[in-house]
Amino acid sequence: MLSWVDTILQGALLGGLYALFAAGLSLIFGIMRLVNLAHGDLIVLAAFAILSAMTALGVGPVLAFLIAAPILFCIGYALQHFVLNRTLGRGVLPPLLVTFGLSIILQNALLEGFSADSRRLSAGTIETASLALLNDLAIGLMPLLTFASAVAVILALNLLFYRTAVGRAFRATSDDSEIAQLMGIDNRRIYSLAMGVAMVVVAIAALYLGIRANFDPTIGPARLLYAFEAVIIGGLGSFWGTLVGGIIIGLAQTIGAKINPEWQILAGHIAFFIVLVIHPRGLFPRAID
Amino acid sequence: MSVHIRFLEWCANLCRRSVLGGDVIGPSHDHVDASLSHGSGVGTALSKFRVETATRTSRIVLVAGSILIFVLVLLPAFAGRTLVQEMIFVFYMLGLAQCWNLLAGYTGLVSVGQQAFVGMGAYLLFFMISTSDIDPLIAIVAAGLLAGALALPTALVVFRLRGAYFAIGTWVMSEVYRLVWAQVKSLGGGTGMSLATSTTFQIFGIEWIKSLFGVKTSIARDIIIYWVALVLCLGAVMLIYTVLRSRYGLALAAIRDSERAAESIGVDIFKMKLWVYMVTAIGTGMIGALIYLHKARISPDAAFSVLDWTANVIFIVVIGGIGTIEGPLVGVIVFYVMQTYLAGFGTWYLILLGTLAIAVMLFAPQGIWGYFSNRYGLELFPLRRILRANHRDR
């Protein structure tokens, strides 16, 4: 019985990591209806950026993240400004194929630069520290911290969206980009800013991904799929829904893994399709595609 | 009120008949009338019009194409083994590209999960061959049909997603299939398995080929696979051309251009999409079965590889020209040349391929063929219906 409580707790906390993966995807989709197939690879890119900062400057992961985040913001801004903005407003195909091509380029560029070796961001003793809840029940500090960060990121994104001028512009462009333009909003700049912000969220996700598990240049697409599933389950455009989606995927995966370790990923995918069949628009839909 | 409704009904009927019943989409009333007379065979006063699709180029292409096909059929008689092997690769990539093109370029179903059907066909073939003494050729057809049957439940789920979300949904579906096949221990589980050489030699007509060409069994097997690949590839091209020339082709073009408008003139969008999805799944499944009969070794990661069976295929279609039959033909040649001369560079080759695809999408979204066809008005496989007057004095 206790082992099941443990499994469910672990699953819910794993959902925090998936919500972090998904928050950036959800943000981008919510504002510009762009589905970024390179999202997973951007997470891996961010993890390597943090790793590079750690090795080059000899600092810890958190400081390395603080150095890498502004750079990643600029990369996101430039990517949107020079490449992705050109694909918008021309139908489904161009953004999809351009980000798909980008995904292939990123994977291979990372392979070229960092080899196929598995890496990890070492964070010292905090990696294995845990919090005892009961005699036989303890939860890891890192998963707890991940979950708390996911909640914090979503709170911050909601504040950004509903309490600031930039957020108002984000929402206006999301609701009707043409009218927003008439009101003097430069859509393309808004999109570039949004991608920059998304890259900072991606960097946070990468920080936790790198500390909690090994990563190599090829793991991006699987992360994209988890993130995507969380966004769809939660409902398009709802950040809190994305958190719920992440938790559902996390729960399904840990429960599946408990029954048979080989079923972990499969269970997550199947949970996704079950929700899709019952609630095609997700649990808490806000935006209309 | 009722007059108003009746008028709307009349308009809708007119449109429906002109797009789906007849052969012509005409900008003016004259043309619509001509189409109705063409469709029903009445209206002698209007018989001074005729509808044509063939152009002079297309007639030349038909002749040249027939000669080319004839040469390709006879190729194993004078070509070395390497060339035959490479042509098999070209044929199956072209076949996959045509299937994806029909799906994404003509129907707007942008899937990045077609590896689901490549892997499904391949695994079904391996399952059939390793559990029974079925002829591999029959197994290819059966694997394709079964993959197509599985496309039905797949479609009912992934069709709930639209546009870009449909794309990732198909990808997740193919991951599900990969993980399920990796559970089948009799087929090697996650590590995969090889076909015993003897089983792939039990293919229809192999003795005949051996004596005809005087070759070893393994080469005779390659020759049969070469012909099957040629048939599947030509079959894919012919099928797509026939579909697009039919009234369903018009319905597909209407769906691609505007779903809402297509629906308003009576196109059953869901049925059309489902139909195309299943047909391409059958084609993709048969090609997948053929690919792995040729390779004779399978693993879940290889058979359900998004890079090999979807990314490369998308690059072929996009670089060549999406939404045209000629595009994949051009694309596969570019891809083959790049693969032959640059694949040795490994990661740099893939970076280049990705960059090229992005550049084409951004700056020449119609691809190489689209660019030339726009510029010089070329059409090897004409789809446009041209209304010509029947001049008595000509």
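The values are calculated or read from the model by the stated rules, or taken from the named source; none is laboratory data. Just so you know, these numbers come straight off a predicted model, no measurement behind them. All Cβ positions, glycine included, derive from the backbone under ideal geometry; neighbour counts span all protein chains shown.
A compact table of results
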quantity: Complete set of residues in region A:221-270 that are more than 10 Å from chain B (Cβ to nearest Cβ) and without any contact (Cβ under 8 Å) to a residue 40 or more places away in the chain; calculated: A:Gly256, A:Ala257, A:Ile259, A:Pro261
quantity: Residue within region A:119-126 that is more than 13 Å from every other protein chain (Cβ to nearest Cβ), at pLDDT 95 or above and surrounded by 22 or more Cβ atoms within 10 Å (Cβ to Cβ) present; calculated: no
quantity: Conditions (1) in contact with a His (Cβ under 9 Å, 6 or more places away or on another chain); (2) among the hydrophobic types (A, V, I, L, M, F, W, C); (3) closer than 24 Å to B:Val158 by Cβ; number of the one not met by A:Ala222; calculated: (1)
quantity: Checklist (1) within 26 Å of A:Gly89 (Cβ to Cβ); (2) without any contact (Cβ under 8 Å) to a residue 12 or more places away in the chain; (3) over 23 Å from the mean Cα position of the chain (by Cα) applied to A:Leu133, failing item; calculated: (1)
quantity: A:Phe273 closer than 24 Å to A:Arg171 by Cβ and of a type in the set (Phe, Trp, Tyr); calculated: no
quantity: Answer from B:Ser305, B:Ser299 - the residue that is of a type in the set (S, T, N, Q), over 22 Å from the mean Cα position of the chain (by Cα) and within 30 Å of B:Gly148 (Cβ to Cβ); calculated: B:Ser299
quantity: Selected residue (only one of B:Ile386, B:Ile322 is of a type in the set (A, V, I, L, M), closer than 23 Å to B:Gly249 by Cα and within 14 Å of chain A (Cβ to nearest Cβ)); calculated: B:Ile322
quantity: Any pair with Cβ under 9 angstrom, 6 or more apart, that starts in region B:141-170 at a residue that is more than 14 Å from every other protein chain (Cβ to nearest Cβ) and ends at one that is outside any helix (DSSP H, G or I); calculated: B:Ala142/B:Ile134
quantity: Test: residue in region B:122-136 that is in a helix (DSSP H, G or I) and under 25 Å from B:Gln339 (Cα atoms); calculated: yes
quantity: Region B:249-285 - residue that is in contact (Cβ under 8 Å) with a residue 12 or more places away in the chain and not in a helix (DSSP H, G or I) and, of those, nearest to B:Phe166 (Cα to Cα); calculated: B:Val267
quantity: Scan of region A:103-116 for residues that are more than 7 Å from chain B (Cβ to nearest Cβ) and either assigned to a helix (DSSP H, G or I) or charged (D, E, K, R) (or both), ordered by number; calculated: A:Ser103, A:Leu106, A:Gln107, A:Leu110, A:Gly113, A:Phe114
quantity: Answer residue from region B:286-319, given it is without any contact (Cβ under 8 Å) to a residue 60 or more places away in the chain and crowded, with 23+ Cβ neighbours inside 10 Å and is farthest from the other protein chains (Cβ to nearest Cβ) among those; calculated: B:Ile319
quantity: Residue ID - nearest to the other protein chains (Cβ to nearest Cβ), chosen from residues in region A:205-220 that are part of a helix (DSSP H, G or I) and buried (at least 21 other Cβ atoms within 10 Å of the Cβ); calculated: A:Gly220
quantity: Residue count for region A:127-150, restricted to those that are part of a helix (DSSP H, G or I) and surrounded by 14 or more Cβ atoms within 10 Å (Cβ to Cβ); calculated: 10
quantity: Flag if B:Ala302 is in the same structural domain as B:Ile129 (by TED's automatic domain parsing), over 21 Å from B:Val334 (Cβ atoms), in contact with a Lys or Arg (Cβ under 9 Å, 6 or more places away or on another chain) and modelled with pLDDT under 90; calculated: no
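Yes or no, residue by residue, for (1) basic (Lys, Arg); (2) buried (at least 24 other Cβ atoms within 10 Å of the Cβ); (3) under 30 Å from B:Leu274 (Cα atoms); (4) touching a strand residue (DSSP E or B) at 6+ places or on another chain (Cβ under 6 Å):
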| position | (1), (2), (3), (4) |
| --- | --- |
| B:Phe70 | no, no, no, no |
| B:Arg81 | yes, no, no, no |
| B:Leu96 | no, yes, yes, no |
| B:Cys99 | no, yes, yes, no |
| B:Ala104 | no, yes, yes, no |
| B:Val118 | no, yes, yes, no |
| B:Leu125 | no, yes, yes, no |
| B:Ile134 | no, no, no, no |
